[in-house]
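One structure below.
The values are calculated or read from the model by the stated rules, or taken from the named source; none is laboratory data. Predicted, not measured: the structure shown is a model, and the values here were computed from it. Virtual Cβ from ideal backbone geometry, glycine too; neighbours counted across all protein chains shown. With ligands, DNA and RNA removed, areas are computed over all heavy atoms of the protein, side chains included. Shrake-Rupley method; radii C 1.70, N 1.55, O 1.52, S 1.80 Å.
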Amino acid sequence: MNKPLKIFVTGGAGYIGSHCVKALGRAGHDVLVYDNLSTGHEWAVLAGRLVRGDLADIGPLKETLAAFRPDAVIHFAASIQVEESVRLPLQYYRNNVINSLNLLEAMSAAGVSRLIYSSTAAVYGIPQTIPADETAPLAPINPYGASKVMVERALADLAASSDFRYVALRYFNVAGADPEGLIGQAYRESTHLITRALKTAKGEFPKLMIYGTDYPTPDGTCIRDYIHVNDLAQAHVLALQYIMKNGKTATLNCGYGRGFSVREVVETARQITSIDFPVEETGRRAGDPPALIAESARLRSLTGWQPQYDDLPFIIRTAWDWEKKLP
Ligand code: UFG
């Protein structure tokens, strides 16, 4: 049993954050969630306690951090939708970059020097090599990815100038829901493929749009590495152990190392739901790279991560069970 820690979790009421908070609670840690509830929900916080706050308000943020005195911070709070970032770039730079700088300043003022940061595969843009490892060039093709590169750079500079250390986890396509059934993706406006497909199966949308069938991939649709949200949550718990024990910075891809096309996801979703929901093939969506697959050997070797749910039908089944419960 590892020593219980005090962990400050931004965005812990959101989709990925809430699964991680549950895992942190199970691992015996004392959690304080800091969330403005813009996309998250109070009921999703299954461990620790929730303080409603916004990273844009640095005063209350500093006070809360100084009062809690955490051993480490996990920073989920961010805007995460690629297409939206293309339409609203300033919103993404403000929420993802400026607010992260606020958090780093508040951490520095409170003497907190360990961070787990939510980064993304979108930092690679269109990777030259597939699967992409962490040394692949950072060449984002949308404002979302660019905002995450900027913060990664700030983290590296801060680590070089002080005793601050971090683990940046670069998430590939996170999907599925906790099999115990109390939490899942609950952001109504989510545009993610699996969520959209299942909401279409449920009848919330008349049809699922397939964005682009002329990509240089075997079936012409984009390929992504879908990782179950609980496997990703576990990666955070292990990254925390790693940084507290070694005091070393690391950047780690989080994915399974294999990809599925949009058409394959649609077919699997039809099988799992037994609903032959309608799809329409349309043009490409702005900001989409053709294929993103993780080389995750570094995560496995540094932290001992062993995924439990590397199974697309299982991922979609847990998401479907959750989706059916949502009002
Ligand atoms: N897609 C459709 N129809 C939809 C929704 C999506 O065809 O209704 C396609 C997209 O065009 C894309 C693929 O399905 O080709 C996956 O799209 P998502 O919106 O589910 O996810 P993204 O790959 O765009 O982005 C997600 C996260 C990012 C992260 C990225 C990393 O939102 O935060 O995965 O791979 F950076």
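Across the accessible surface of the stretch 160-262, with the other protein chains kept in place and a 1.4 Å probe, carbon and sulfur atoms take up 49 percent.
Which percent of the accessible area of the stretch 1-77 is formed by carbon and sulfur heavy atoms (probe 1.4 angstrom)? Here it works out to 48 percent. Remark: the stretch 121-209 carries 42 Å² of accessible area per residue (probe radius 1.4 Å; ligands, DNA and RNA excluded). Across the stretch 229-275 the C-alpha pair distances fall into 5 Å bins from zero in the proportions 5, 16, 16, 16, 14, 10, 9, 8, 5, 2 percent.
Taking the charge dipole of the stretch 48-90 about its Cα centre, with +1 at Lys and Arg Cβ atoms and -1 at Asp and Glu Cβ atoms, the residue from Ala78, Ile58, Gly48 reaching farthest to the positive side is Gly48. Each 5 Å bin from zero up to the one holding the largest Cα-Cα distance in the stretch 131-197 carries the following percent of pairs: 3, 11, 16, 18, 16, 14, 12, 7, 2, 0. Distance distribution P(r), the stretch 191-282, all Cα-Cα pairs, bin width 5 angstrom from 0: 3, 12, 18, 18, 15, 11, 8, 7, 6, 3, 0 percent. Summed over the residues of the stretch 5-59 and divided among them, the accessible surface reaches 37 Å² per residue at a probe radius of 1.4 Å.
With a cut-off of 12 Å between beta carbons, the residues surrounding Gly287 carry a summed charge of 0, where Lys and Arg count +1 and Asp and Glu -1. Potential lengthening of the chain between Ala154 and Lys245 amounts to 30.4 nm, from the contour at 0.36 nm per residue minus the alpha-carbon distance.
Bridges between two residues of the chain, per DSSP, are antiparallel at a rate of about 5%.
Over all directions, the projected convex hull of the C-alpha atoms in the stretch 267-316 averages 5.5 nm² in area.
Each of the peptides 292-305, 268-281 was scored by the mean count of other Cβ atoms within 10 Å over its residues; in descending order, highest first, they stand as 292-305, 268-281. A convex hull fitted around the alpha carbon atoms of the stretch 173-326 yields 123 Å³ per residue.
Only protein heavy atoms count here; on that basis, with a 1.4 Å probe, Cys222 has an accessible area of about 10 Å².
Normalised by residue count, the stretch 1-65 yields a Cα convex hull volume of 69 Å³ per residue.
For the chain, build the convex hull from the C-alpha positions and give me its volume per residue in Å³.
Taking only Cα atoms, the chain has a hull volume of 119 Å³ per residue.
State the percent of C-alpha pairs, over all pairs in the stretch 6-164, separated by a distance greater than 20 angstrom.
51
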